[in-house]
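Worksheet: one structure, shown below.
The values are calculated or read from the model by the stated rules, or taken from the named source; none is laboratory data. This one's a predicted model, so the numbers in the text were calculated from it and none came from an experiment. Neighbour counts are summed over all protein chains in view; Cβ atoms, including those assigned to glycine, are modelled from backbone coordinates with ideal geometry.
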Amino acid sequence: MDLYGFYTGSCFDAYTFLGARLTGEGAVFRTFAPAARKVSLIGAFRNWEEIPMEREWDGNFWSCTVPEARAGMGYKFRIYQGDGKVLDHCDPYGYWMELRPHTASILWDVDGYEFHDEDWMAHRRAGLDRPVNLYELHAGAWQKPGPGPADWYDYEDLARRLIPYLQENGYTHVELMPLSEHPSDSSWGYQNTGFFSPTSRYGTPDQLKAFVDWCHQGGIGVVLDFVPVHFAVDDYALWNYDGTALYEYPHRDVGVSEWGSCNFMHSRGEVRSFLQSAAHFWLEKYHFDGLRMDAVRNLIYWQGDPARGENAGGISFLREMNRGLRERHPDVFLAAEDSSAHGGVTAPPEMGGMGFHYKWDMGWMNDTLAYFALPPEERGKHRGKLTFSMHYFSDERYLLPLSHDEVVHGKGSMLQKMPGTEGEKLDQLRALYLYMYTHPGKKLDFMGNDLAQPHEWGEDRALEWAILEDPHHGAYHRFRRDLNLVYRSWEPLWGWDYRPEGFSWAETDPDREDVFAFWRKGETGAMLALCRFSAGEEVPCTIPLPEGSAGLELVIASDWDFYGGATPSEERVFPAKDGAVTVTLPPCAARCYRLLKE
């Protein structure tokens, strides 16, 4: 580790020096605690008796060597603060931790697992010109081996169950909610205490590596949710680590986040080096294919509030971290969960941007869900909620998210958001997803949405898999599978996602405010999305076709009878007549057609 780089915030390998390193003769322990009066090591290797640590380098670091230390043994740093208090802390750079409520770090050989994903690693790319269909997952609540809130499959058992499901249902990636160690199950991993430690809830670090390895061998990418904004307030972790605000702001007005956690002080070089080393660590040591950065708005603006002004330190941190990660891992992608309207989030760092590959389109999500919450008979007056995103879709490289945040805390499940009877809700939900998967931008959907789960999600219980025995939910699940496969199979739906010419409106009857028709274009041709989200009788729609077109072929329809709709699937080819095609659209239906050439 370069000391100057560590202090100036340009270090990406601090974990190779700090923390606990196993050697052939025990282990070397180091921690950064400049304001500590004294530091001791305690651990299972000496029956938790104190081992004095010595200052080294510039005096801000403490170290010791323990010959008896072995992998699997627990340890902590005992920090003697300047005010006389003594606290035992887990290792900020530790590779593994005990299961809550225990708090010790655990020695682990981070290089002990041998990957077998060479072919995947040699051919993966950031995906800008590929289909990207993310299945967001909470590792403990997708399926469970028992009814208890702490009944979890380990990483390997989860992989055995999950990979075939992802393959069969057409997903390209799984995005895991944060796995960094955290004390509270209900935080879902967003209140971290171990930024280099995969949670022990689901097994060992090597088992997590096996999960990623097996996903790669099965053709599935793995993205990790990473939390660079804030950390848990527990006093055994980063908070007041050496008796001072070493990682956080010293003042509460900017030091405490809206979630009650501590905000990192991103203007400090040591903090930048800590966080970007953690980001690099997950990509380098665990072979993750991307990072989703949580709460980026709160890095762009002070406390996420534009009225308080830009946080120059936060923006600079993002830009330089992403620059360094892109240089070290040019084949992975970085996604920003950002609800702000700040420009340049996906522009390259060398052009003054923040360097993300993708930005979550929170505006699209909010407008779309608000539109579908309306009674179908009122939607014609609110057409702009769905057309607005088409005006800015090429400003950034957007990813369309329907994430866990939309199905918790009383918001209801995706099915509950739709008005009407159970059958009408399913009709509208199918139409919504076909609209989503034909809209420009990559896709992310949360587990359970693919089942049309009746109840909102909770981390203490498994998804409601039994509902697939109901014919209506089984038909919906088949639709979601087929829609994913159509999305992956037809290049115009993703090839030119971020080129303005990849989208254009199609001509329709201007009096039909409830009908949306648009073209998606790519290297291999064009697809037409035709959507109607209102109530009433069937209506005719006439679509003029480009010159040289023979007609349209219906690829998938949300209203087909075997998906739960009322339209037979026999008629699929619609020849052009006088340069146009006329079809009838039932209420609350969406369809995707392939343009046929002469």
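Residue under question is L463, and the condition is that it be assigned to a loop (DSSP other than H, G, I, E, B), in contact with a helix residue (DSSP H, G or I) (Cβ under 7 Å, 6 or more places away or on another chain) and not hydroxyl-bearing (S, T, Y); does it hold? So L463 fits the description; yes. Quick check on my filter: what residues within the stretch 580-596 are of a type outside the set (A, V, I, L, M, F, W, C) and touching a strand residue (DSSP E or B) at 6+ places or on another chain (Cβ under 6 Å)? Hits for the stretch 580-596 are T582, T584, R591, Y593, R594. With respect to (1) closer than 30 Å to R130 by Cβ; (2) assigned to a strand (DSSP E or B); (3) not aliphatic (A, V, I, L, M), the lone exception for S197 is condition (1).
For S403, the conditions (1) within 18 Å of S339 (Cβ to Cβ); (2) loosely packed, with under 14 Cβ neighbours inside 10 Å all hold with the exception of (2). The residues listed here are V256, V296, V229; of these, the one that is surrounded by fewer than 19 Cβ atoms within 10 Å (Cβ to Cβ) and outside the structural domain of K76 (by TED's automatic domain parsing) is V256.
Condition test on G43, is it crowded, with 23+ Cβ neighbours inside 10 Å and either closer than 25 Å to S180 by Cα or in contact with a helix residue (DSSP H, G or I) (Cβ under 9 Å, 6 or more places away or on another chain) (or both)? Yes; evaluated as a whole, the condition is true for this residue. Residues that are touching a helix residue (DSSP H, G or I) at 6+ places or on another chain (Cβ under 8 Å) and either farther than 17 Å from L18 by Cβ or among the β-branched types (V, I, T) (or both) within the stretch 256-270 comprise S257, E258, C262, N263, M265, H266, S267, listed in sequence order. Only residues that are part of a loop (DSSP other than H, G, I, E, B) and either on the phi > 0 side of the Ramachandran plot or touching a Lys or Arg at 6+ places or on another chain (Cβ under 6 Å) (or both) were counted across the stretch 307-334, and they come to 2.
Among the candidates T421, T438, the residue that is assigned by TED's automatic domain parsing to the domain that holds R201, touching a strand residue (DSSP E or B) at 6+ places or on another chain (Cβ under 9 Å) and more than 22 Å from L162 (Cβ to Cβ) is uniquely T438. All but one of (1) among the polar types (S, T, N, Q); (2) within 20 Å of N449 (Cα to Cα); (3) buried (at least 21 other Cβ atoms within 10 Å of the Cβ) hold for Q416, so report the exception by its number. The failed condition is (3).
Is the stretch 145-157 home to any residue that is assigned to a helix (DSSP H, G or I) and over 15 Å from F288 (Cα atoms)? Checked the stretch 145-157: at least one residue is assigned to a helix (DSSP H, G or I) and over 15 Å from F288 (Cα atoms). The residue that is surrounded by the most Cβ atoms within 10 Å (Cβ to Cβ), among those in the stretch 420-448 that are among the hydroxyl-bearing types (S, T, Y) and touching a residue at least 24 places away in the same chain (Cβ under 8 Å), is T438. Condition first: in contact with a strand residue (DSSP E or B) (Cβ under 9 Å, 6 or more places away or on another chain), surrounded by fewer than 19 Cβ atoms within 10 Å (Cβ to Cβ) and under 30 Å from P419 (Cβ atoms). Now tell me which residues in the stretch 520-553 satisfy that. E538, V539, P540, T542 - these are the residues of the stretch 520-553 that are in contact with a strand residue (DSSP E or B) (Cβ under 9 Å, 6 or more places away or on another chain), surrounded by fewer than 19 Cβ atoms within 10 Å (Cβ to Cβ) and under 30 Å from P419 (Cβ atoms).
Reported count of residues in the stretch 160-193, each being surrounded by fewer than 24 Cβ atoms within 10 Å (Cβ to Cβ), more than 17 Å from the chain's Cα centre (by Cα) and either assigned to a loop (DSSP other than H, G, I, E, B) or of a type in the set (A, V, I, L, M, F, W, C) (or both), is 5. Restricting the search to helices (runs of 4 or more DSSP H) fully inside the stretch 339-447 and requiring at least 2 residues that are among the aliphatic types (A, V, I, L, M) gives 362-373, 414-417, 422-438. Just one residue in the set E284, E310 is surrounded by fewer than 19 Cβ atoms within 10 Å (Cβ to Cβ) and within 18 Å of A126 (Cα to Cα); that residue is E284. If you go through the stretch 36-49 and keep only what is under 22 Å from A71 (Cβ atoms) and of a type in the set (D, E, K, R), you end up with R46, E49. Considering the stretch 1-22, the residues that are of a type in the set (A, V, I, L, M, F, W, C) and in a strand (DSSP E or B) include one that is surrounded by the most Cβ atoms within 10 Å (Cβ to Cβ), namely A20.
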